[in-house]
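Data first, discussion second: the structure below is written as structure tokens.
Only the coordinates and a few stated rules stand behind these numbers; no lab work does. What you see is a predicted model; the values in this text were computed from it and never measured. FYI the Cβ positions are ideal-geometry reconstructions off the backbone, even for glycines, and counts take in every protein chain you see.
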């Protein structure tokens, strides 16, 4: 019998059957009427999810490609830019900035810290004239979701453009692009938007577009103006990922039918259930124990247990794929994702398997305690 598999990473995430079914339909040409209708509907729906009145540009790329587009369109060699980072994806911002010749100020916090407004204020005061600030809303390497609204306010007060990596947070936790004064928000299809990897998005404010017009960094595929001009005619400057865009259209419909606020509440409850189940096993959380941490739960294994072994055992014995730590955290934490097409029984499945693996590794864990506590936590907040 074929093995049943469970995808419990913070990306890619499980895809609903309606979305998968759309992928199986015949490929259509990207300049015919049917595709233009789908494409136009996606662009409108993306603005709803982004909560912006401005353009959301679509690229055939991973989320990292859209991150690169932001740097490429906002940088002239020697521009002073600042990255505030506390994990692997903040480091990615810094790497891209250096590649495009920015005069980069990299304000590093310890991995696992939550960036605060004062951290950014101090970094900006030291840095001087900063033109662009790069932030990471949901740092999936650690499970931290920061208060990007307060950080954006500090950056705007300093006269800088604000660029936010929301690859894993868009659609999972509240993000108000226009109301919070964020100039550029980057996201991707394969996280809370419940679509296979392959397309990425960038919302751009008028100020960001004006700055892009002055930028001298080289770009071609990721040129915002080229993409924006094509989208205005419901076209794309290069062949798009037609089938994935069709799937995205279905996924965005599901997300908006549920309602963004309802989705945020569901993700918060899933995060609570996962954290409470882990704590019931006596495990220490690495990610913050707060409702904002609704994207991924990062957990330290018991002393003497390598997280890599936990990840491998879950995959090999039970067909459950979770995530190891990244960088210096590899082997020190494991991460259970819960963004997108998840319900509480996905969480209890992962927790039950973790119980079994840890018990076999010698940890003293009461059988069933994690599942019971997770279900209780989910029920306690049903009306929230």
Measuring from label point to label point, each 7 Å out along Cα→Cβ, what is the residue 226 to residue 332 span in nm? 4.2
What do you get for the angle between helix 369-380 and the principal long axis of the chain? Use alpha-carbon atoms, 0 to 90 degrees, nearest ten. 50
Distance between the range 308-348 and the range 16-52 - C-alpha centres, whole angstrom: 31
By its C-alpha gyration tensor, with a ≥ b ≥ c as the square roots of the eigenvalues, how is the range 85-157 shaped: rounded for a/c under 1.5, else prolate for a/b larger than b/c, else oblate? oblate
Per 0.36 nm of contour for each residue apart, how much would the distance between residue 31 and residue 150 grow if the chain were fully extended, relative to their Cα-Cα spacing? 38.6 nm
Report for the chain the percent antiparallel among DSSP-assigned beta bridges with both residues inside it, nearest 5. 50
Rounded to the nearest 10 degrees, the helix 242-258 long axis (Cα) sits at an angle to the longest Cα principal axis of the chain of 70
Computed over all unlike Cα pairs, the Kirkwood hydrodynamic radius of the range 259-380 in Å stands at 14.2
Mind checking the angle between helix 260-280 and the chain's longest principal axis? C-alpha axes, 0 to 90 degrees, to the nearest 10. 40
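Over the chain, calculate the relative contact order: mean separation of alpha carbon pairs under 8 Å at least 6 apart, over the residue count, as a percent.
Details: 814 pairs, mean separation 85.8, N = 384.
Here the relative contact order equals 22 percent.
What is the chain by shape, rounded, prolate or oblate, if you read a ≥ b ≥ c off the alpha carbon gyration tensor as root eigenvalues and call it rounded for a/c under 1.5, prolate for a/b larger than b/c, and oblate otherwise? Don't skip to the end; give the middle numbers.
On the way: a/c = 1.98, a/b = 1.32, b/c = 1.50.
Here the chain falls in the oblate category.
Mind running the shape call on the range 48-207? Use the C-alpha gyration tensor, a ≥ b ≥ c as the square roots of the eigenvalues: rounded below 1.5 for a/c, prolate if a/b tops b/c, oblate otherwise. Show your work: numbers first, answer last.
Details: a/c = 1.40, a/b = 1.30, b/c = 1.07.
Rounded.
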At residue 80 and residue 308, where each label point lies 7 Å from the Cα along Cα→Cβ, what is the point-to-point distance in nanometres? 4.2
Counting each DSSP H run of 4 or more residues in the chain as -39500 (n - 2.57), what helix-only mean residue ellipticity at 222 nm follows after dividing by all residues, to the nearest 500 deg cm²/dmol? -13500 deg cm²/dmol
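Over 26 Å, how big is the tail of the calculated P(r) for the range 173-321, in percent of all Cα pairs? Could you put the intermediate results ahead of the total?
Numbers: 5234 of 11026 pairs.
Pairs farther apart than 26 Å: 47 percent.
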